[in-house]
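A short worksheet on the structure shown next.
The values are calculated or read from the model by the stated rules, or taken from the named source; none is laboratory data. Owing to the predicted nature of the structure, the values given are computational and were not obtained by experimental measurement. Cβ atoms come from the backbone with ideal geometry, glycine included; neighbour counts cover every protein chain shown.
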Amino acid sequence: MTKVTPIYAHEGHIITQDDGLLLWYGTGQKHLEGDDWLSDSIRLYTSRDFSNWRSKGRVFLTSSIPQLPAPPPYRIGSVNALYNAVRRQYVLIFSVSSLDRSFSAIGFATSVAPSGPFKWERASVSDGAPTSDVAVAWDEDGGGASAYLVRSTGANGTTISRLRDDFLGTTGACGYAPPTGAPALFKSGGRWYLFGSRHKGWQPGAPQLFASDSGDLCGATWSKLPRPADGRGADTTFDSQPAFVHTFRWQGGGELQIYAGDRWNAEGEGGVGNASYVFLPLLPAGDGGDPPGFELQWLERWRLGDYKPITPS
């Protein structure tokens, strides 16, 4: 019998090293605290093909968070990772809150190595926006590089803030996108796309997709596109909630958008004991729309090589 090793990388995020190694950060195994679930750490897994993952263990411990305005224990979620090339350090950005949610903020931790250990830096209530659904966006267009912090603010929309040069805080809100849960941003064809969900609490919901009118996140206007999923299970994003959309790039050119989602509730409401993940190619819709859309379809099995561009001989 083949031994299956569980992967604990919920509410996570993937970045790619210069050598092509994929770094997948997410909340570690959760334990029960009274009647609630808490994560004990942020863990790292690495891969080169999105199929075979190797555990690098716990890279940040929630027990290392110092006393905040509310007493511990603290819950963390919505883990994001960035690499700051100027300062030569990796930065983890995540939501942190007290058990009763009377206090919530965004936590920042850094390390000179991708496998940590990450050192706690600070907590910030950035720009007065809620911090339950937190995401980041990275933009290398325009001759420079900019990083953004994105937060779902319920009916008020999705708040976009530019991150400081050290990625350890924001310079203020600079744009707003339509309201959606679990926001995931990616850029394709010179414009930004916002993938989200109509989920409620732990329950998955129908996916949503919005397109910007420009390549500048700050001050962009957005249009809603047709539902970015088709087939059986599309109305619940194939029983998952969006975690992020990763842009995979081949060394010879070409890219593939990959949707990553969390599957909860395997052991009841909010259960994580058997929670799993969904990775699916997010492909151009091909319907001639302007702006062009994207679409998910359920695939039992797929490989990166199925979508690798053909190099002219």
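Within the group 123, 113, 109, 173, which residue is closer than 22 Å to residue 16 by Cβ and part of a strand (DSSP E or B)? Steps first, answer last, please.
Details: 123 fails: closer than 22 Å to residue 16 by Cβ; 113 fails: part of a strand (DSSP E or B); 173 fails: closer than 22 Å to residue 16 by Cβ.
Unique residue meeting the criteria: 109.
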- Query: Taking the stretch 177-201, which residues are surrounded by fewer than 23 Cβ atoms within 10 Å (Cβ to Cβ), assigned to a strand (DSSP E or B) and in contact with a Lys or Arg (Cβ under 8 Å, 6 or more places away or on another chain)?
  - Reply: 181
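When you scan the stretch 38-47, do you find a residue that is at pLDDT 90 or above and out of contact with any strand residue (DSSP E or B) (no Cβ under 9 Å at 6 or more places or on another chain), even just one?
Within the stretch 38-47, the first condition is being at pLDDT 90 or above, and the residues that meet it are 41-47.
Checking the rest, the ones that are also out of contact with any strand residue (DSSP E or B) (no Cβ under 9 Å at 6 or more places or on another chain) come to none.
No, that holds for no residue.
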- Message: Whether any residue in the stretch 249-271 is surrounded by fewer than 19 Cβ atoms within 10 Å (Cβ to Cβ), of a type outside the set (S, T, N, Q), at pLDDT 95 or above and under 21 Å from the mean Cα position of the chain (by Cα) is what I want to check.
- Response: yes
- Message: Conditions first: (1) in contact with a Phe, Trp or Tyr (Cβ under 9 Å, 6 or more places away or on another chain); (2) surrounded by 17 or more Cβ atoms within 10 Å (Cβ to Cβ). Residue 104 passes all but one, so which condition is the exception?
- Response: (1)
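If I filter the stretch 68-106 down to residues being assigned to a strand (DSSP E or B), small (Gly, Ala, Ser) and in contact (Cβ under 8 Å) with a residue 40 or more places away in the chain, which single residue comes out as farthest from residue 167 (Cα to Cα)? Don't jump to the end; show me each part of the working.
Step one: list which residues in the stretch 68-106 are assigned to a strand (DSSP E or B), which gives 74-84, 89-98, 104-106.
Narrowing further to those that are small (Gly, Ala, Ser): 77-78, 81, 95, 97-98, 104-105.
From the residues that got through so far, the ones that are in contact (Cβ under 8 Å) with a residue 40 or more places away in the chain too are 77-78, 81.
Details: 77: 18, 78: 16, 81: 10 Å.
Checked the stretch 68-106; the qualifying residue farthest from residue 167 (Cα to Cα) is 77.
Working only within the stretch 115-133, note down all residues that are within 23 Å of residue 262 (Cα to Cα) and touching a Leu at 6+ places or on another chain (Cβ under 7 Å). Step through it out loud before you land on a result.
Going residue by residue through the stretch 115-133, those that are within 23 Å of residue 262 (Cα to Cα) are 115, 130-133.
Listed by number, the list holds a single entry, 115.
Please enumerate the residues belonging to the stretch 276-310 that are in a helix (DSSP H, G or I) and farther than 17 Å from residue 259 by Cβ.
Residues of the stretch 276-310 in a helix (DSSP H, G or I): 304-307.
Of everything in the stretch 276-310, just one residue is in a helix (DSSP H, G or I) and farther than 17 Å from residue 259 by Cβ, namely 305.
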- Task: Name the residue, out of 221, 236, 247, that is in contact with a Leu (Cβ under 8 Å, 6 or more places away or on another chain) and among the polar types (S, T, N, Q).
- Result: 247
- Subset of the stretch 92-121, residues within 13 Å of residue 69 (Cβ to Cβ) and among the charged types (D, E, K, R), comes to 100, 101
- Item | Residue list for the stretch 202-224, filter: outside any strand (DSSP E or B) and surrounded by fewer than 21 Cβ atoms within 10 Å (Cβ to Cβ) | 202, 205, 206, 213, 214, 215, 216, 218, 219, 220, 221
- Query: Which number in (1) over 24 Å from residue 283 (Cα atoms); (2) in contact (Cβ under 8 Å) with a residue 12 or more places away in the chain; (3) not polar (S, T, N, Q) marks the one condition that residue 164 misses?
  - Reply: (2)
